[in-house]
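Everything on this sheet refers to the single structure shown next.
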Amino acid sequence: MAKQGLDDRGKGLGRREVLECMVWAGTGVLWTVSGGIPHSVGLIGEAAAAEPTGFTFLQMSDSHIGFDKAANPDALGTLREAVAKVKAMPIKPSFIIHTGDITHLSKPAEFDNADKVFGETGVQVHWVPGEHDIIDEERGKAYLERYGKGSRGAGWYSFDDHGVHFIGLVNVVDLKGGGLGNLGAEQLAWLEADLKNKSSSTPIVVFAHIPLQVIYREWGWGTEDGMQALNLLKRFGSVTVLNGHIHQLAQKVEGNMTFHTALSTAFPQPAPGSAPSPGPMLVPADKLRTVLGLSTVTVLQGNKPLAIVDKTLAG
Amino acid sequence: MQNLMSHIRLTMARFTPGRAVVVAALSGPVVGALLAFGAVAAQEENVVTIDNFTFTAPELTVAVGTTVKWVNHDDIPHSVVDKNKAFRSKALDTDDSYSFTFASAGTFDYLCGLHPHMVGKIIVK
């Protein structure tokens, strides 16, 4: 398995270089905002070592509650372990952003279980749906009834916190054959209007399930009209794009934009093109927890990309 | 590779004729003969299997009045959605199936509603 981009601390990667890291399952990424610029300060568990400046939030993703196959027979159990780490954090994050695939099959009991466990954090969660959250009979009604309050369309919305403008987008609806994730004209028009009166100095965090940029077209890992959204965001001085879906860390800094995909709390997926399909990657059962929280994301000051350091809990 | 091999072993352990296609795809020429056999068998039964995020056979020709059955063998749910809305399955979990009877002639392009890069075609004559 390729490990390029790991342990590159101090080597000073160029801004446009892609850091990729295949880490299999994880907990959440703690983000902090200083001087208006969001930084990730480490995977939770490492968070105690960080020094948050008063405003932090977590990104968690791809909980897949209801998944019980070989790659992880107890996705609810690993979510509980992640939530236990959140509860143990010395400084509570302001909120959690969940970048989709809360459930595996959109069943009411799966949503109930997820709500119960996330509720134990005592922290507000801002959700966006993954494709697994809208496969109820009425195609997304169950999700919207639960999490759609105050949102538009299939569940998109924005809010402001600590001077940062947060935008939750939905790119898992009305997908076209042979294509990728899809935002659609209505959502893009809403986004344009939402940004219209925002000063270019407003830090922006945009989050959605499927990566907005194309990571691997052959597996559908990207958003067909994602560039249209990113073009609307170009004038802003600081844009952070948070996605899930691919169950591994991938990071990229391009100009004023930082792209980051989160780990799953449920099961790993293979690196692009490294397996016959993007399906759940089987690791031996006794290894699954050894890889939980394996990697740390650290900030190198300045305009350098985030550094990912490979580190086992055992070692 | 270790992971892939253990995956193959697991797949073999729950091997059934319907799974011939994915195992063949993974295991190379030795099982290649089974691939041909599996594909023919699937076609005779008008079954489209879903393995490794792929519809097999990707293109199937049937007579008017034929019922085609899709079976999902992946650990991830998929669905079967006609591009022109002639049919749409619910999400198919592992080993779930969906059947549709083609009452009229035509070409039906379909996709997986969750993973739209997965596409297939039914030609009804």
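The values are calculated or read from the model by the stated rules, or taken from the named source; none is laboratory data. Just so it is clear, the model here is predicted, and its values are computed rather than measured. A quick note on method: Cβ atoms are made from the backbone with ideal geometry, for glycine too, and the neighbour counts reach across all protein chains shown.
Tabulated values for the structure
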quantity: Matching residues in segment B:75-87 - criterion: being under 15 Å from the mean Cα position of the chain (by Cα) and under 20 Å from A:Gly179 (Cα atoms); calculated: B:Ile76, B:Pro77, B:His78, B:Ser79, B:Val80, B:Val81, B:Asp82
quantity: Cross-chain or 6+ apart pairs with Cβ under 9 Å, segment A:275-288 first and more than 7 Å from chain B (Cβ to nearest Cβ), then among the aliphatic types (A, V, I, L, M); calculated: A:Ala285/A:Ala70; A:Leu288/A:Ala25; A:Leu288/A:Ala71
quantity: Members of segment B:71-109 that are outside any loop (DSSP other than H, G, I, E, B) and within 15 Å of B:Val47 (Cα to Cα); calculated: B:Val71, B:Asn72, B:Leu92, B:Ser97, B:Tyr98, B:Ser99, B:Phe100, B:Thr101
quantity: Residue in segment A:117-170 that is nearest to the other protein chains (Cβ to nearest Cβ), counting only those that are among the polar types (S, T, N, Q) and closer than 25 Å to A:Leu233 by Cα; calculated: A:Ser151
quantity: Sole residue being within 23 Å of A:Ile97 (Cα to Cα), among the small types (Gly, Ala, Ser) and touching a helix residue (DSSP H, G or I) at 6+ places or on another chain (Cβ under 6 Å), chosen from A:Ala208, A:Ala266; calculated: A:Ala266
quantity: Test: residue in segment A:85-92 that is within 19 Å of A:Pro211 (Cβ to Cβ), part of a loop (DSSP other than H, G, I, E, B) and more than 14 Å from chain B (Cβ to nearest Cβ); calculated: no
quantity: Residue list for segment A:168-197, restricted to those being within 24 Å of the chain's Cα centre (by Cα) and basic (Lys, Arg); calculated: A:Lys176
quantity: Residues (within 22 Å of A:Leu175 (Cβ to Cβ), of a type outside the set (Ser, Thr, Tyr) and either in a loop (DSSP other than H, G, I, E, B) or within 13 Å of another protein chain (Cβ to nearest Cβ) (or both)) located in segment A:224-265; calculated: A:Glu224, A:Asp225, A:Gly244, A:His245, A:Ile246, A:His247, A:Gln248, A:Ala262
quantity: Failed criterion for A:Thr121 (all others in (1) modelled with pLDDT of 95 or more; (2) among the β-branched types (Val, Ile, Thr); (3) part of a loop (DSSP other than H, G, I, E, B) hold); calculated: (1)
quantity: Residue within segment A:212-223 that is part of a loop (DSSP other than H, G, I, E, B), more than 17 Å from the chain's Cα centre (by Cα) and over 22 Å from A:Phe57 (Cβ atoms) present; calculated: no
quantity: Considering residues of segment B:88-125 that are over 21 Å from A:Asp174 (Cα atoms) and among the aliphatic types (A, V, I, L, M) only, the residue nearest to the other protein chains (Cβ to nearest Cβ); calculated: B:Ile122
quantity: Pair list, Cβ under 6 Å, 6 or more apart: segment A:179-198 residue within 14 Å of chain B (Cβ to nearest Cβ), other residue small (Gly, Ala, Ser) and part of a loop (DSSP other than H, G, I, E, B); calculated: A:Leu180/A:Gly220; A:Leu180/A:Gly222
quantity: In segment A:199-223, the residues that are of a type in the set (D, E, K, R) and in contact (Cβ under 8 Å) with a residue 60 or more places away in the chain; calculated: none
quantity: Verdict on B:Leu34 being buried (at least 20 other Cβ atoms within 10 Å of the Cβ) and either touching a helix residue (DSSP H, G or I) at 6+ places or on another chain (Cβ under 7 Å) or at pLDDT 95 or above (or both); calculated: no
quantity: Odd one out for A:Ser158 among (1) outside any loop (DSSP other than H, G, I, E, B); (2) loosely packed, with under 14 Cβ neighbours inside 10 Å; calculated: (2)
quantity: Candidate set from segment A:93-116 (those that are part of a loop (DSSP other than H, G, I, E, B) and within 14 Å of another protein chain (Cβ to nearest Cβ)); member that is surrounded by the most Cβ atoms within 10 Å (Cβ to Cβ); calculated: A:Gly100
quantity: Candidate set from segment B:69-87 (those that are within 13 Å of chain A (Cβ to nearest Cβ) and in contact with a helix residue (DSSP H, G or I) (Cβ under 8 Å, 6 or more places away or on another chain)); member that is farthest from A:Pro129 (Cα to Cα); calculated: B:His73
